[in-house]
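Working notes for the structure below.
The values are calculated or read from the model by the stated rules, or taken from the named source; none is laboratory data. Remember, predicted model here, so these are calculated numbers, not experimental data. So basically every Cβ, Gly included, is an ideal-geometry build from the backbone, and we count neighbours across all protein chains shown. Areas reflect the complete protein model, heavy atoms only, side chains present, ligands, DNA and RNA absent. Shrake-Rupley method; radii C 1.70, N 1.55, O 1.52, S 1.80 Å.
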Amino acid sequence: MPYNYALRRTLREGAALTLLIASTSSAQTLLWSEEFNSGTSPDTKTWSFDLGTGQNGWGNQELQEYTSSRQNVKVEDGMLHITVQPKLDGSNVVGFTSARIKTQDKFMLQYGIVEARIKLPNLDKGLWPAFWTLGNDFSQVGWPSCGEIDILEMGGADAISSGNTNRRVYSTAHWDNDGSYASYGLSKTFEEDFNDKFHIFKLEWTPNFIRTYVDGTKLWEINIRESACSSCTEFHAPHFMILNMAVGGTFTDQRTVGAITAPTPASMMVDYIRVYDNGFTETSGPAAEPPDIGPAHSGSWYYPEQSGHGFSMEFGQLDDGTRLAVIYWYTYDDQGNPIFMLGTGTPEGNRVEVTFESPVGMVYGEFDPDSVQREDGGTAVIEFNNRENGSFSYTPSEFTQTQWGHLSEIDDLPLVKLFGIAADTEFTDE
């Protein structure tokens, strides 16, 4: 059937359940995402902190001290908040604190599509937010030999001097060119201020090109083919991601605390970071492995390319600690009539085997539990790539073959989470 999902109401054990399915699809497969939907600070399985002042090696004559304090970095309301705070001596500002987090040795990618939804504060003048990557061999070879890709930088000196601090976005590559430092970058000035509104910053990285975009508008690209850049090996190796907001420094050309006029406290807010496969993508590191099934997988899932497959999935554990999955599958019979299956199973790792029942005998408005028969509904396996993507395989029963017309097996049907249920990321083991 052609894809035409709409609002659909059905029964869930006699209670009304609303399932809203949106007609969205993507040409790319989501491999990994950080949604910042759980916990109160960045997940240490994925993120580490850089700590200290510029004397610790940040360079660029930056003025801030990076901390892991909740005042500077926290997860709240489904967002990452990186906040610059003023240091006060009485009423005088004598310095700043901020935060810088990274996925080094925990999540790395080589090639791919990276999207981040970010909202920035008023940067004028002196704040310097950034979303960028470094080669994961940084600790061994140093900079610029590791390579750097700046997906987002704002607050540059030329933007300040021209009155475009909150409108000009920069993107730059840095690398070692046969023993000498090399860089190539461009900037684009947009018509509206970027502060206090979310924008999508995107990196497209293949073996041939690196391109960056802001809200779908191409900002910059560099040809990294060997024929065009014979010393660009840094861009054909795994990189890790960094999020930070610096204060002052060479990029802004604000070298003293007194030169900073941007209002503080000031927060850079990150809604999500998502990595999609573009046919070349390789991910690595412990955080690249699919997370074990937990409550954060709960929600409404669907197959975006075709009508007839919607799921409500709930994951939890019983009082005795036994983990339980309850799956409701909303589908159609061979006549186009809506039906649903109820399944349960025990999650193991990123996989759950489900035994379905097909309740029959229910009539809306005349529900009689004693008249309901629970026929064998077949079996399924659901595997999750992450908390937003998975696959569904199904073997029909004799009943579903004869009664519902489900004659063939389903192999690895792609599933996407439409929306989730607020829950802790992991199960708790007592």
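Just a few scattered comments:
- Enumeration of residues in region 283-335 that are at positive phi and either free of Cβ contacts under 8 Å to residues at least 12 places away in the same chain or within 25 Å of the chain's Cα centre (by Cα) (or both): GLY285, GLY299
- Unmet requirement for ARG211, which otherwise passes all of (1) touching a residue at least 12 places away in the same chain (Cβ under 8 Å); (2) under 23 Å from LYS119 (Cα atoms): (1)
- ASN56, sole failed condition from (1) more than 15 Å from the chain's Cα centre (by Cα); (2) modelled with pLDDT of 95 or more: (2)
- Residue pairs whose Cβ atoms lie under 6 Å apart, sitting 6 or more positions apart in sequence or on different chains, and linking a residue in region 218-235 that is within 13 Å of TRP205 (Cα to Cα) and modelled with pLDDT of 95 or more to a partner that is open to solvent by 50 Å² or more (accessible area, probe 1.4 Å) and not in a loop (DSSP other than H, G, I, E, B), are TRP220/LEU186; GLU221/ARG211; ILE222/TYR184.
- Looking across region 80-98, the residues that are open to solvent by 30 Å² or more (accessible area, probe 1.4 Å) and farther than 13 Å from ILE260 by Cα come down to LEU88, ASP89, GLY90, SER91.
- Residue count for region 120-148, restricted to those that are open to solvent by less than 50 Å² (accessible area, probe 1.4 Å) and not hydrophobic (A, V, I, L, M, F, W, C): 11
- Within region 102-111, one or more residues are at pLDDT 95 or above, charged (D, E, K, R), in a loop (DSSP other than H, G, I, E, B) and surrounded by fewer than 18 Cβ atoms within 10 Å (Cβ to Cβ).
- When ASP333, ASP412, ASP376 are checked against the criterion of being modelled with pLDDT of 85 or more, in contact with a helix residue (DSSP H, G or I) (Cβ under 7 Å, 6 or more places away or on another chain), surrounded by 11 or more Cβ atoms within 10 Å (Cβ to Cβ) and of a type in the set (Asp, Glu), a single residue qualifies: ASP376.
- Residues in region 238-267 that are out of contact with any Ser or Thr (no Cβ under 8 Å at 6 or more places or on another chain), open to solvent by less than 30 Å² (accessible area, probe 1.4 Å) and of a type in the set (A, V, I, L, M, F, W, C): LEU243, ALA259, ILE260, ALA262.
- Condition check for PRO42: part of a strand (DSSP E or B), out of contact with any Pro (no Cβ under 6 Å at 6 or more places or on another chain) and either open to solvent by less than 50 Å² (accessible area, probe 1.4 Å) or modelled with pLDDT of 80 or more (or both): no
- Members of region 296-309 found to be at pLDDT 90 or above and not aromatic (Phe, Trp, Tyr), listed by number: HIS297, SER298, GLY299, SER300
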